[in-house]
Structure formats: structure tokens, C-alpha cells
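The values are calculated or read from the model by the stated rules, or taken from the named source; none is laboratory data. Here the structure is a predicted model, which means the values were calculated and not measured. Counting neighbours? That spans all protein chains shown, and the Cβs are built from the backbone with ideal geometry, glycine included.
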């Protein structure tokens, strides 16, 4: 069983931009992010295979840009079994009614907002806008068979694989 942790920080792009002498504009987008986006679009135009890579890069950049726009990135553990992918997503403070979960054959998107509490925040590490994250899935899934449950701030999503591969033992002569 393989376990993937999908999480990067906004600082990843900021550090690389400062190393290359690039700057950010008032929208929070850096020269590096714009260059990556332009390169991804050009790669998609040149080759159909590059299109898949471009989509992945654009998704990662859009997740990073979501964070720069005031959203927190949801912490996601992605586990693979023979039959399915299981996404374990931490959504502290959110309620079941405030979760927007969407899946396609190759991606998972989650957005959640925790309600504001009464009183003055002395410290706030969570974004008032909530959490948002989109990830590219390593295998295609069956979106119509996805099941999700939410308990104690943890969203568990079961994503059945489109093609289940079972290894077959081969007799060697």
C-alpha cells in the first residue's frame, strides 16, 4: 500500500522566485508562477502527452494561488490499495454542510469553511475564508461510485479505481 502526502507551501514559490530575482505583483502572483503557467500552456499546444503534464502543473499552481488568495490548503493523505484510493482530509472546525467535494476521473477538489466564533481572536492560524485544495489523482477513478464520510473534522473519501489491477502468478518453465 502506497501513501502519498500532497502538500506544498506558498513559500516554495516565493523562495524560488527570490532566488531567480523575480517579484510578486499586487494579486499575489509572482513572475515565476506566470512563467510556469505560460510554459504549461505552450507545452499543451506542442504535444498531447505534454497536455497531461501541463494540467498537473496548472492544478498545483492554482492550489498555491488559492493559498495566496487567503485560503488555507487542506491537509490531504492519499492512500492507494488494489481496489481504490482513499483520501483522508483534515478540515478542522468545518461542518458536513459546509463541505464542497467534487471529483472527476482524475482529480479531487475540496473546499470547506469553518463558521466564525464569537469573540476576539487572540491568535488565528486558520483562514477566515476556509480551506481549499485540488489534487491530481495518480489513477483514474469511477466518480459515480465515490463515497465520503465526515467525522470529528476528518473527511474520508473512498475513490474506486476505474481499472483494478490484480497481479497474476506466472509459472516459470
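Listed values, structure above:
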quantity	calculated
Criterion violated by residue 70 - all others in (1) modelled with pLDDT under 90; (2) surrounded by 13 or more Cβ atoms within 10 Å (Cβ to Cβ); (3) on the phi > 0 side of the Ramachandran plot satisfied	(2)
Residue satisfying condition, being in the same structural domain as residue 77 (by TED's automatic domain parsing), under 17 Å from residue 79 (Cβ atoms), in contact with a helix residue (DSSP H, G or I) (Cβ under 9 Å, 6 or more places away or on another chain) and touching a residue at least 40 places away in the same chain (Cβ under 8 Å), within set 137, 159, 108	159
Residue in segment 113-127 that is within 21 Å of residue 75 (Cβ to Cβ) and outside any loop (DSSP other than H, G, I, E, B) present	no
Residue within segment 116-131 that is under 30 Å from residue 165 (Cα atoms) and surrounded by 12 or more Cβ atoms within 10 Å (Cβ to Cβ) present	no
Residue within segment 150-160 that is over 26 Å from residue 92 (Cα atoms), at pLDDT 95 or above and surrounded by 15 or more Cβ atoms within 10 Å (Cβ to Cβ) present	no
Condition met for residue 132 (at pLDDT below 95 and more than 23 Å from residue 75 (Cβ to Cβ))	no
